[in-house]
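Notes for the one structure printed next.
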Ligand SMILES: [Zn+2]
């Protein structure tokens, strides 16, 4: 009567990502602290941190209204 548990949890599997730093938000173009990058207003929500409907956090910046993107020379 042993049932393997490998079939449970359809999602949230192998969510570990290698690397010392990960972007703080999906809309980030670069990891925080990366050379030549800086915080800028999220273009998706225009810095409001909300979706166009204004009922949920912006998926790109996570509701902060800011994302990390390349600045300068670009
Ligand atoms: Zn946003």
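Every number here is computed from the coordinates shown, using simple stated rules; none is lab data. Please read all numbers here as calculations on a predicted model, not as lab measurements. Don't worry about glycine lacking a Cβ; one is built from the backbone with ideal geometry, like all the others, and counts go over all protein chains shown.
Quick notes on this one:
- Computed extension length for residue 55-residue 39: 3.4 nm, one decimal, from 0.36 nm per residue of separation with the Cα-Cα distance subtracted.
- In this rough spin-label picture, where each label sits 7 Å from Cα along the Cβ direction, the residue 48-residue 24 distance is 2.2 nm.
- Taking packing as the residue-averaged number of other Cβ atoms within 10 angstrom, the listed peptides 42-54, 59-71 run from highest to lowest as 59-71, 42-54.
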